């Protein structure tokens, strides 16, 4: 492996930072929903765009940078919020799930290649992992704060209403990433 392929170049770091910022901007674009429903944001679009444009490794790094920025208090999460308290709240599992989704994407594309069908399947599987992680987190935190609820209720509040919009965001990210990818090399 050459030095330039094993290390992050300056341009890689710029792209990672750019997509971490895109995650923040997309988090700020929200449609507020009544509690306990999870707010509708464009974060999943930004996650898909980062993975499809940057690839698994750099896309994962962008998700980690976004998460760390928010964890230290930079207001990058929805509602211009930041800090560990956001991550420890009911929706924090979905934010952490972005990192898990990116890891799934990276592992799948390393093992199976980066063809369009593999990339799309990796995004869908990553989204499912994000939903699973976030819903499990939601169940635990919600039970601690307000009392236990069933899995079906949590899925009705946190996953089912978002499946179709998230798949539409994936389709948009696929179309845009094909156009943008050529400019970023």
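Where a number appears in this text, it was derived from the coordinates with a stated rule and is not lab data. Keep in mind it's a predicted model, so treat the numbers as computed, not measured. Cβ sites come from the backbone with ideal geometry, for glycine too, and all protein chains shown count toward neighbours.
Rounded to the nearest 10 degrees, the angle from helix 43-54 to the longest Cα principal axis of the chain is 20 degrees.
When restricted to Cα atoms, the chain yields an Rg and a Dmax of 16.3, 54 Å, respectively. A simple spin-label model places pseudo-atoms 7 Å from Cα toward Cβ; at residue 81 and residue 33 they are separated by 1.5 nm.
Each residue, residue 112 and residue 171, gets one label point 7 Å from its Cα in the Cβ direction; the gap between the two is 2.1 nm. Per residue, the average separation of C-alpha pairs within less than 8 Å and at least 6 apart gives region 8-180 a relative contact order of 24 percent. Compute the angle between helix 10-28 and the longest alpha-carbon principal axis of the chain, please, reported from 0 to 90 degrees and rounded to the nearest 10. Between helix and principal axis, roughly 30 degrees. Using the rule -39500 (n - 2.57) for each DSSP H run of four or more residues, divided by the residues of the chain, the 222 nm mean residue ellipticity is -24500 deg cm²/dmol. Give the residues of region 160-184 whose amide nitrogen is closer than 15 Å to a point set 7 Å from the Cα of residue 120 in the direction of its Cβ. Under 15 Å, as judged by backbone N against the label point of residue 120, lie 167-179 of region 160-184.
Helix 116-146 axis versus longest C-alpha principal axis of the chain: approximately 30°, rounded to the nearest ten. Report the Cα centroid-to-centroid distance between region 136-178 and region 36-107 in angstrom, as an integer. Taking the Cα centre of each part, region 136-178 and region 36-107 sit 14 Å apart.
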